[in-house]
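In what follows, a single structure is set out as structure tokens and then discussed.
The values are calculated or read from the model by the stated rules, or taken from the named source; none is laboratory data. Source: prediction; values computed, not measured. FYI the Cβ positions are ideal-geometry reconstructions off the backbone, even for glycines, and counts take in every protein chain you see. Heads up: the accessible areas ignore ligands, DNA and RNA and are worked out on the full protein's heavy atoms, side chains in. Shrake-Rupley method; radii C 1.70, N 1.55, O 1.52, S 1.80 Å.
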Amino acid sequence: MSRWLNNPVAIGASTREIVVGARVPWLIRLRRPAPASASVPAVEPASVAIPEEYCCTEAGLLDALRAALAATPATADAITEADVGAQRAAAPIPAASAQKRSACMVLDDFWGNHAILRGDFRTLRARELEEIVLAHFADTYGIAGESLIVRFSVQRGGRALFASAMSRALHDSIHDVSTAEQVDISRLRLGLPEMLNRIDASAVSDEGLLLFVADELMQAVMVEQHRWVAYDAQRLFPGDAADASRLAELAEQLFERSATRANLKHEDCKLYLVGAGTELEPFEARFAAAVQLAPAAHASRAHRLMECAQ
């Protein structure tokens, strides 16, 4: 029987890959110092690639998730793209033969939307805030509010609201797939809020631009007085993510759309690159300075999302 069968798991879902790894409870992580060598070998995460023709599609995401959850650490490395399609016809594990595992899952931001709204939110109730958020996403993207699941938090001072939205249909489909594989996803989130919460505030000046680069999406969060005050995103196309000069050009455009003061110039703004490993010189030529924050431990976006889920 797999050592993962009864253990909580962490799931990272990018547009091209699903990674499932063991999730260690936070109290144990605090107490255990992560020795260089352990008596029990580490269990490698299960990784399933989404076939190229199904990348950036919900069908590809769900098939890969089904395959990854059905896999054990011992067989994960042998999974190929062909296995993803084969999972469609695979019989579910009988309830009597498996126990339900709990899981936390973090999705690539390609699968949702974010916004930072400005106003006076100090006296509004949660229901009123939800109505504002739903109205914003409905007006911006032309989609019905009832088709979305939203999450939001009022920023310190009550003058800005960070909001995220995900398709309700995708949310429910992910839970249906996990339930069929005897996994209970107790926490399902998009990646950006998780990454923002992991940034060391002391490493960022009171004003700057945080830049997050993934395969298909680049996101910018403007920081003023250590608060998140504006958000914008730019779709990336094949080759963009590996081209530092192109990314620096797009970062300048994101800055122009995100700056909240007319007199704030990109030449005076410090840029913080989060997670993505790329050349800093093209960014330094356009901004006051460029700093690499939280360098990626893994080249794989899905692995980094899985680590956020842990």
Quiz prompt | strands (runs of 3 or more DSSP E) wholly inside the stretch 162-224 that include at least 1 residues being within 21 Å of Arg301 (Cα to Cα) and open to solvent by 50 Å² or more (accessible area, probe 1.4 Å) | solution = 183-190
Quiz prompt | Residue satisfying all of: in the stretch 117-131; part of a helix (DSSP H, G or I) and open to solvent by less than 60 Å² (accessible area, probe 1.4 Å); farthest from Ala165 (Cα to Cα) among these | solution = Leu129
Exercise. Would you point out the residue of the stretch 285-310, among those that are modelled with pLDDT under 90, in a loop (DSSP other than H, G, I, E, B) and among the aliphatic types (A, V, I, L, M), that is farthest from Gly21 (Cα to Cα)?
Key: Ala294
Quiz item: Within the group Glu256, Glu279, which residue is surrounded by fewer than 18 Cβ atoms within 10 Å (Cβ to Cβ) and part of a helix (DSSP H, G or I)?
Solution: Glu256
Quiz item: Residues Pro45, Pro33: which one is surrounded by 19 or more Cβ atoms within 10 Å (Cβ to Cβ) and modelled with pLDDT of 50 or more?
Solution: Pro45
